[in-house]
1. Could you point to the residue in TYR331, THR302, HIS168 farthest towards the positive end of the chain's charge dipole, with +1 and -1 charges on the Cβ of Lys/Arg and Asp/Glu respectively?
2. Only Cα pairs under 8 Å and at least 6 apart count here; give the relative contact order of the chain as a rounded whole percent.
3. Given 0.36 nm per residue, what is the gain on full extension from GLU24 to THR352 after removing their alpha carbon distance, in nm?
4. Write down, largest first, the equivalent ellipsoid semi-axes of the chain in whole Å, where each equals the square root of 5 times an eigenvalue of the alpha-carbon gyration tensor.
5. Report, in degrees rounded to the nearest 10, the 0 to 90 angle that the Cα long axis of helix 3-15 makes with the longest principal axis of the chain.
6. Which of the aspartates and glutamates could a cross-linker bridge to LYS57, judged by Cα under 14 Å and excluding same-chain residues fewer than eight apart?
7. What do you get for chymotrypsin sites (Phe, Trp or Tyr not before Pro) in segment 294-355 restricted to DSSP loop and a cutoff of at most 13 other Cβ within 10 Å of the site's Cβ?
8. Taking the solvent-accessible surface of protein heavy atoms with a 1.4 Å probe, what is the per residue accessible area of segment 233-294 in Å²?
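The values are calculated or read from the model by the stated rules, or taken from the named source; none is laboratory data. Note that the structure is a prediction, hence the values are computed from the model and not measured. Cβ sites come from the backbone with ideal geometry, for glycine too, and all protein chains shown count toward neighbours. Protein only, heavy atoms only, side chains kept; ligands, DNA and RNA dropped before computing areas. Shrake-Rupley method; radii C 1.70, N 1.55, O 1.52, S 1.80 Å.
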Amino acid sequence: MATKKKMLQAAAGNAVGGGGLNVEDVFSTYLYTGTGAAQTITNGIDLDGEGGLVWVKNRDTTDFHHLCDTERGSGKIIASNDTTGQVTNNNTISGFSSSGFSLGSDTAVSTNSEDYASWTFRKAPKFFDVVTYTGNGSNQIINHNLGSDVGAIIIKRTDSTSDWYFSHRYDFGGKMLKLNSTGAAYVSGITVTDTTFRVFGSAGLTLNNVSGATYVAYLFAHNDGDGEFGPDGDQDIIKCGSYTGNGSSDGPEIDLGFEPQWVMIKRTDSTSSWFMFDNMRGIATGGNDMRLYANASAAEYTTLSYMKLLPNGFAPEDNTAFNASGGSYIYIAIRRGTKVPESGTEVFAVDTADGSTLPQYKSGFVTDM
């Protein structure tokens, strides 16, 4: 269908209230280069009005992950690769705006000439939510605002040292993982509904509910034909699933119903890292895939082919890390953009070299080619 026709249809749908939020409204992978000074990141995500999470990692050198959310406030940092409680550093992720976030000059987020990846998750029904709560040492039900199936929950104690507990829909109430660890799943867990999750207080299960302790929970939805996103308000944009490896270099095809732009994968029946991929840093069929590990402070790894993207999902290419025969794996996958262009200049540009700073050719938008 011609782009002009698509734009007209989208305009008509939105005019009568038929459109939903686009992926671009609730999620962003934004790459930037540190300057050694404060800077503003404009990624089009309304964090000031809607709330959400910013996750930053240095790609060039060993450095902690930095996670900051609107519920705890700017400058309140926790690291997915570390058990330390919340620290306050207003010179890191220093503020939230209606179109992104701001950074201070701290070397963890803005070392001059070093490259960084940032991932922004906006709070939105059927996509993502952030909740804070205080433990009571007894069974406790916590409200959330996903209003849909919960795909995965990550919980971190913020007032003291603790692991990052990760629970996935493949086994809610049965097993959990640690985001800061390579370990396999172990017995324990939480239970969920589309409006609440429950943390326990019985012996051995108070990991996420110590009396008087403070916690933050990140909740990821799972769309299964019930997503309400895109121009017609009927598209899925996030999937939390599992698969079994086949031991071949040509791994199983994971059908999401969409092409993903961001994927995190973990093996659950054996030790493995938490692999983080996105199409902005690069996922190349048969080529090198740029990857970071949520559980490690290491710089970005830039060699080996691990996965390929498909029009309807993805497939692991490596036969050990992602595709060991009989191995069990879980993932979170977020859809590539759904926004329909409103003008040709949003998707096409012609420019001449300006002879100054890189890039010399400026399109005004992220280019694929």
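1. Among TYR331, THR302, HIS168, the one farthest towards the positive end of the dipole of the chain is HIS168.
2. Working: 1012 pairs, mean separation 63.3, N = 369.
Relative contact order of the chain: 17 percent.
3. Residue separation times 0.36 nm, minus the Cα-Cα distance, leaves 115.3 nm.
4. Details: eigenvalues 193, 119, 106 Å².
Its equivalent ellipsoid spans semi-axes of 31, 24, 23 Å.
5. Helix 3-15 sits at roughly 50 degrees to that axis.
6. The qualifying aspartates and glutamates are ASP82, ASP106, GLU114, ASP115, ASP278, GLU300.
7. On the way: sites: TYR301, TYR306, PHE314, PHE322, TYR329, TYR331, PHE348; in loops: TYR306, PHE322, PHE348.
Of the chymotrypsin sites (Phe, Trp or Tyr not before Pro), the ones in loops of segment 294-355 whose Cβ has at most 13 other Cβ atoms within 10 Å are PHE348.
8. I get 33 Å² per residue for this part.
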